[in-house]
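> Pasting in a structure now, in structure tokens, and then I'll have a few things to ask.
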Amino acid sequence: MSASLDHVPAAKSALVLFSGGQDSSVCLAWALTHFERVETIGFDYGQRHAIEMTTRTTVLEKFREVFPLAATRLGEDHVCDLRGFGAVAESSLTRETEIVMTERGLPSSFVPGRNLVFFVYAAAVADRRGLDHLVGGMCETDFSGYPDCRNETLQAMQTVLQLGVERPFEIHTPLMWIDKAQTWAMSLELGGQPLVDLILEETTTCYKGERGERHPWGYGCGECPACQLRKTGFEHFIENAQPAER
């Protein structure tokens, strides 16, 4: 961390759960406009799209290059090895199986308790680093039914962390009530076309980690739920951005 960030108080400091995907990149941009000191944390849980562990580093570098706020406010990046958890919580995200709906009404890509585990580790790092705010890209609008993305779940998690760590943690979810088209619009509002371009070119959202073909909405297989949400959201974003016909 640069010396200029050493003395930023905890109340003005945040830790962003950062995968290097579209949502976490928008959340990083949001955090940089709301806090004076921002650090990031990533999780290696044996995900099929392990390429995100590489691309997230590239995205962070691009943030520092392109955005003045990032150059002055973006601090250390942390990576946690959660492969043991990934092996226990098997899903289509941690093994080569088709993504389908299960008997529980949840997609097989659901990793039980993943976001809860993420926040526990993030809280431990944040406590050590002196950061009172935790930022995540969870969303109820486009959340595929994942119960650990619900606002109610994360509000309860905030209370658990405040009690369990005895620190005034606050969990922020800037995307909670917006859809993917609005997420694209938020990226334009926060960072202009440079942020939209960065997300299109550098971020990885695809559950299969495909980066072979560049689509209008970015890279991905175009078939998994994450790609479908990103693709549809981008198309609606472009439609809404077009000037109305007279």
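A short reminder: the numbers here are calculations on the coordinates, not readings from a lab. Computed from a prediction, not measured in an experiment: that's the story for all the values here. We place every Cβ from the backbone using ideal geometry, glycine too, and count neighbours over all the protein chains shown.
> I want the local charge near Thr58. Using Cβ-Cβ distances under 13 Å, sum +1 for each Lys or Arg and -1 for each Asp or Glu among the other residues. Each step should come with its number before you reach the end.
On the way: positive: Arg56, Lys62, Arg64, Arg211; negative: Glu52, Glu61, Glu65, Asp77, Glu201, Glu202.
With Lys, Arg at +1 and Asp, Glu at -1, the net is -2.
> Compute the convex hull volume of the Cα atoms of segment 129-210, divide it by the residue count, and report the result per residue in Å³ as a whole number. Intermediate values should be presented prior to the final figure.
On the way: hull volume 11.3 nm³, N = 82.
Spread over its residues, the Cα hull of segment 129-210 gives 138 Å³ apiece.
> Expected output is a single nm value to one decimal: the length gained when fully extending between Ala124 and Leu163, i.e. 0.36 nm times separation in residues minus the C-alpha distance. What is it?
12.7 nm
> For a protection proxy built on the mean count of beta-carbon atoms within 10 angstrom, sort 131-140, 50-59 highest first, please.
131-140, 50-59
> Moving on to the next point. Calculate the spin-label point distance for Asp44 paired with Glu170, positioning each point 7 Å from the Cα along the beta-carbon direction, and give it in nanometres.
If labels sit at Glu170 and Asp44, their model points lie 3.4 nm apart.
> Students often check this: by mean Cβ neighbours within 10 Å, which of 154-164, 179-189 ranks highest, and how do the rest follow? Don't skip to the end; give the middle numbers.
Values: 154-164: 15.5, 179-189: 20.7.
The packing order, highest mean first, is 179-189, 154-164.
> Ratio to report: Rg/Rh of segment 179-246, with Cα atoms as the point set and Rh obtained by the Kirkwood method; give two decimals. The partial results should precede the final answer.
On the way: Rg = 12.2 Å, Rh = 12.3 Å.
For segment 179-246, the value is 0.99.
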